[in-house]
1. Kindly indicate whether residue 76 is modelled with pLDDT under 90 and either surrounded by fewer than 19 Cβ atoms within 10 Å (Cβ to Cβ) or under 18 Å from residue 32 (Cβ atoms) (or both).
2. Which count do you get for residues in region 351-375 that are assigned to a loop (DSSP other than H, G, I, E, B), touching a helix residue (DSSP H, G or I) at 6+ places or on another chain (Cβ under 8 Å) and modelled with pLDDT of 90 or more?
3. Return yes when residue 387 is more than 30 Å from residue 300 (Cα to Cα) and either in a loop (DSSP other than H, G, I, E, B) or touching a residue at least 40 places away in the same chain (Cβ under 8 Å) (or both) and no when it is not.
4. Just the residues that are out of contact with any helix residue (DSSP H, G or I) (no Cβ under 7 Å at 6 or more places or on another chain) and either within 21 Å of residue 158 (Cα to Cα) or buried (at least 17 other Cβ atoms within 10 Å of the Cβ) (or both), please, taken from region 131-143.
5. Does residue 26 qualify as being at pLDDT 95 or above and either over 25 Å from residue 175 (Cβ atoms) or under 28 Å from the mean Cα position of the chain (by Cα) (or both)?
6. I want to confirm something. Restricting to region 171-216 and keeping residues that are closer than 17 Å to residue 33 by Cβ and not in a helix (DSSP H, G or I), which single residue is modelled with the lowest pLDDT?
7. Go through region 299-321 and report how many residues are over 19 Å from residue 401 (Cβ atoms) and in contact (Cβ under 8 Å) with a residue 24 or more places away in the chain.
């Protein structure tokens, strides 16, 4: 592409046609070459009345470099010079794990908070950024989604994200900046080839270009083909999900999933989890999920990042992470429950118990008023009214209690006697007789299912 600023601006204007009617645009301004060129060229287009949206700029200060505040001042001065509204947000970047990923997460959270309803965020990623991303993802063994590259646009917060420079090479931006005599920040850490992206940028990709000068066009085509493949996989996953779904979106039918081929199972599971708003699992973990749970025992469980999947009766349930400890919960239950007076008793991280009057039913008020709340310890037996004596384990199985709730089931005692299994039944010795005042005791279960 020619270095002519007019041709550059015309191509940019064409890339912005889809947001021509947008009232406001927020430019992410780091102060580097790319974002400086983007902001300057937008101001030029606005001055020529070739774009009509309101412009404002946002600088995210990651507070990681000694010159971070100096860069923020540079951006503020640039916006003052261009007569553009300027805002900055300082973020705290967790350095326990990868700094680069943590900085990215903090930056995008700042973007979400800053975006107004219906506003478009413009990022200055260009085609060379795309090439680096494709190479890095190929080295990580990414599938069609990863090899689709950096998306041109997507929803973000209350607005939309758009990358209008993906059709430009970095050299195009450099020529424009030099022709317009722009000043920008040079981050010297971008020269450190200990970082994979910098190594790709300065060593690997120039070598590839020396042998295959047109590699950008070929790789872009490959990315477009990967996008098509990913789109087809999503369509197929939607069709498959419709076949295995139940009345609850957080539950799917395992028998129907097993009819599918192994690749379709993984594709379906990925699609299902994404629809529930859960973190994406990599190929290896999807493989583990498919083999260990779908083909595992009747009570197989899979722990994901911030969620768990539990198999029960040939169905797969998506649940909140189970941080419940019966021992800890029982320690917190110091006072007995007077169920005849206190109609509801909250339970720590475990829903609540409820009581209501019922003549001739439930627990006899005469035989027992104060109840001690305990949890399973193993070996409990109970003779429910009108039934033979059975182990608690057997009783909960017979009433079809989900396995992940069995240790959470609050048990009501009088002394050492098991009086009531709330919502299940009352012990023969403590059941209200005809005409006798009684209490119906129920357990409002905790909401463990993943909700969307």
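The values are calculated or read from the model by the stated rules, or taken from the named source; none is laboratory data. What you are looking at is a predicted structure, and each value in this text was computed from that prediction instead of being measured. Heads up, the Cβs are rebuilt from the backbone with ideal geometry, glycines too, and the neighbour counts pull from every protein chain shown.
1. On the way: modelled with pLDDT under 90: no; either surrounded by fewer than 19 Cβ atoms within 10 Å (Cβ to Cβ) or under 18 Å from residue 32 (Cβ atoms) (or both): yes.
When the stated conditions are applied, residue 76 does not pass them.
2. Going residue by residue through region 351-375, those that are assigned to a loop (DSSP other than H, G, I, E, B) are 351, 358-362, 365-369, 375.
Filter again for touching a helix residue (DSSP H, G or I) at 6+ places or on another chain (Cβ under 8 Å), leaving 367-368, 375.
Remaining after also requiring modelled with pLDDT of 90 or more: 375.
Matching residues across region 351-375 total 1.
3. On the way: more than 30 Å from residue 300 (Cα to Cα): yes; either in a loop (DSSP other than H, G, I, E, B) or touching a residue at least 40 places away in the same chain (Cβ under 8 Å) (or both): yes.
So residue 387 fits the description; yes.
4. Passing the criteria: 133, 142.
5. On the way: at pLDDT 95 or above: yes; either over 25 Å from residue 175 (Cβ atoms) or under 28 Å from the mean Cα position of the chain (by Cα) (or both): yes.
Here the answer is yes, as residue 26 does meet what is asked.
6. Here the answer is 187.
7. Step one: filter region 299-321 for residues over 19 Å from residue 401 (Cβ atoms), giving 302-307, 321.
With in contact (Cβ under 8 Å) with a residue 24 or more places away in the chain added as a condition, the list becomes 304-307.
Adding up the residues that qualify gives 4.
Here is a yes/no grid of residues against (1) at pLDDT below 95; (2) part of a strand (DSSP E or B); (3) in contact with a helix residue (DSSP H, G or I) (Cβ under 7 Å, 6 or more places away or on another chain):
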| site | (1), (2), (3) |
| --- | --- |
| 44 | no, no, yes |
| 56 | no, yes, no |
| 80 | no, no, no |
| 107 | yes, no, no |
| 118 | yes, no, no |
| 125 | no, no, no |
